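Contents: one structure, followed by commentary.
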Amino acid sequence: MTETMTTSSADFSFVRGDEVAPEILHAAFTGAFADYLIGPFQIPFAQWPMFLARQGVDLPLSRVALDAAGEPLAFAFVAQRPVSNRWRLATMGALPAARGTGAAPALLDDFIARAASAGLRAVELEVFAQNERARRLYEGRGFRRQHDLFGFVAEPGTIAPAPSTTGAPHAIDMPHLLGWLEAAEHRIPDLPLQVTAATIRHGIDYHGWQTADSQIVFSLPDETVMVHSFIAPRPDEARALIQAIAAVYPERRLRVPQLQREDLGGATLRALGAVPQPLHQQLMLRPL
C-alpha cells in the first residue's frame with residue numbers, strides 16, 4: 001500500500017521497501033552514501049541481500065520516498081529488536097539531489113509514528129558523533145545518547161600476552177556462541193544489533209572464545225584479527241580474552257569496529273594499548 005505525504009517543500013509518496021526492485025534500492029543506497037563520512041558504500045549488488053540480512057533489515061517495515069516520477073529520493077530501513085520491544089533505524093539516507101527537500105526528515109517522522117502505533121517501547125539508531133547534520137536531526141526528534149561506541153586498532157606487539165588469573169578462555173562452536181549471545185541480549189540492555197546473534201549468525205568462518213561471563217567473536221581476514229562481537233562486562237575476563245588473542249595471533253593486527261561499548265570491553269582495550277579510532281558512533285534511543 002502506498003502512503004502519500006505532502007510537505008511545504010515537496011510531494012512524496014512512501015512505499016514499502018519490498019515494493020522497490022532490489023537493483024533500484026541498491027543503486028539508491030550506493031548513491032546516497034557515495035560521500036559518506038567513513039567512505040563510499042562499495043558493496044556489489046551480489047552481496048546486497050547479505051548486507052540487508054546482517055543489518056536485520058525488514059523490507060516490509062522499511063520505507064522509500066519516491067518523487068512524482070517514481071524515482072527514489074530517500075529511504076529508511078527498519079530492523080526489529082523484539083527482545084527490547086523496539087525498532088531500530090538500520091540506516092537512513094537521501095540521494096544528493098534530494099537533500100534539503102524534506103524527504104529524509106519526513107521518513108524519520110513516519111518511522112517514529114509507525115513504531116508508536118505498533119505499541120513499541122522505543123526506537124533506536126546508531127549515528128557517527130561527528131556526523132553533526134544527522135545527529136542534530138535525530139536529537140531534534142527526541143533521540144538521546146545512551147552509549148558511545150568506539151572502534152580500536154592494535155598493531156602487532158602492542159598488547160602483551162600474559163597468563164590469565166581468571167581461567168583460560170575456551171573455544172566454542174557456533175550453536176553455543178549464538179545461544180550465549182541470545183542470553184546476553186536478555187540480560188544486558190542496549191547492545192548494538194550488529195554484535196548480537198541476529199547479525200553474527202550470518203558470519204562466515206567466525207571463531208568464538210569464552211570465559212565465565214564474557215565472549216569474543218572474531219574472524220581472520222588477511223593479517224588481521226577482526227572482532228565482530230566483544231561483550232565482556234568483567235574487566236578481568238575482558239583482559240584475559242584480549243591477551244589470549246595476542247598470544248595466539250602475535251603477528252596479526254587487532255581491529256574492533258565502532259560498535260564497542262566502554263563498559264563491555266572498550267575500557268580494557270584502551271588500558272591494554274589499543275588505539276581508539278578518530279570517528280566513533282553513538283547509540284541513541286527515543287522512548288515512545
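Taking amide H as placed 1.01 Å from N in the peptide plane, the amide H of L259 sits under 5 Å from that of F150, each at least 5 places away or on another chain. Over segment 161-288, the ratio between the Cα radius of gyration and 2.2 N^0.38 Å evaluates to 1.01.
Couplings 3J(HN,Hα) of segment 247-260, computed from phi: 6, 7, 10, x, 9, 9, 6, 9, 10, 10, x, 6, 9, 9 Hz, in residue order, whole Hz [Karplus 6.51 cos²θ - 1.76 cosθ + 1.60, θ = phi - 60°; x for Gly and Pro].
For segment 226-242, the Karplus equation 6.51 cos²θ - 1.76 cosθ + 1.60, evaluated at θ = phi - 60°, returns couplings of 9, 8, 9, 7, 9, 10, 9, x, 9, x, 5, 6, 4, 4, 4, 5, 5 Hz by residue, with Gly and Pro reported as x. Rounded to two decimals, the Cα radius of gyration of segment 82-137 over 2.2 N^0.38 Å is 1.23. Segment 224-273 and segment 194-222 have Cα centres spaced 12 Å apart. Please give the FRET efficiency for D213 paired with R99, using the beta carbon to beta carbon distance and R0 = 45 Å, rounded to the nearest 0.05. My answer for the efficiency is 0.50.
Evaluating 6.51 cos²θ - 1.76 cosθ + 1.60 at θ = phi - 60° for every residue in segment 18-35, the Karplus couplings come out as 7, 8, 10, 4, x, 5, 6, 5, 4, 5, 5, 4, 4, x, 5, 10, 5, 10 Hz, glycine and proline recorded as x. Helices in the chain, meaning DSSP H runs of at least 4 residues, each add -39500 (n - 2.57). Divided by all residues, the mean residue ellipticity at 222 nm is -8000 deg cm²/dmol.
The spread of Cα positions in segment 204-267, taken along each principal axis and listed from longest to shortest, comes to 30, 23, 20 Å. For A34 and I188, the difference between the fully extended length at 0.36 nm per residue and the C-alpha to C-alpha distance is 51.9 nm.
The charge dipole of the chain, taken about the Cα centre with unit charges on the Cβ atoms of Lys, Arg (+1) and Asp, Glu (-1), comes to about 620 debye, rounded to the nearest 20.
Per-residue extension of 0.36 nm, minus the Cα-Cα distance of V83 and S117, leaves a gain of 10.4 nm for this segment. Multiplying the residue separation of D222 and Q277 by 0.36 nm and subtracting their alpha-carbon distance yields 17.8 nm. Hull volume per residue, based on the alpha-carbon atoms of the chain and their convex hull, is 127 Å³. Shown are E155, E251, E223, E124, whose ranking by accessible area with a 1.4 Å probe and every protein chain present, most to least, is E251, E223, E155, E124. Peptide packing for 260-269, 182-191, 42-51, 202-211 was compared via the average number of neighbouring C-beta atoms within 10 Å per residue; ordered from the highest value, the list is 260-269, 202-211, 182-191, 42-51.
The values are calculated or read from the model by the stated rules, or taken from the named source; none is laboratory data. Predicted, not measured: the structure shown is a model, and the values here were computed from it. Cβ coordinates were reconstructed from backbone atoms using ideal geometry, including for glycine residues, and neighbour counts include every protein chain displayed. Protein only, heavy atoms only, side chains kept; ligands, DNA and RNA dropped before computing areas. Shrake-Rupley method; radii C 1.70, N 1.55, O 1.52, S 1.80 Å.
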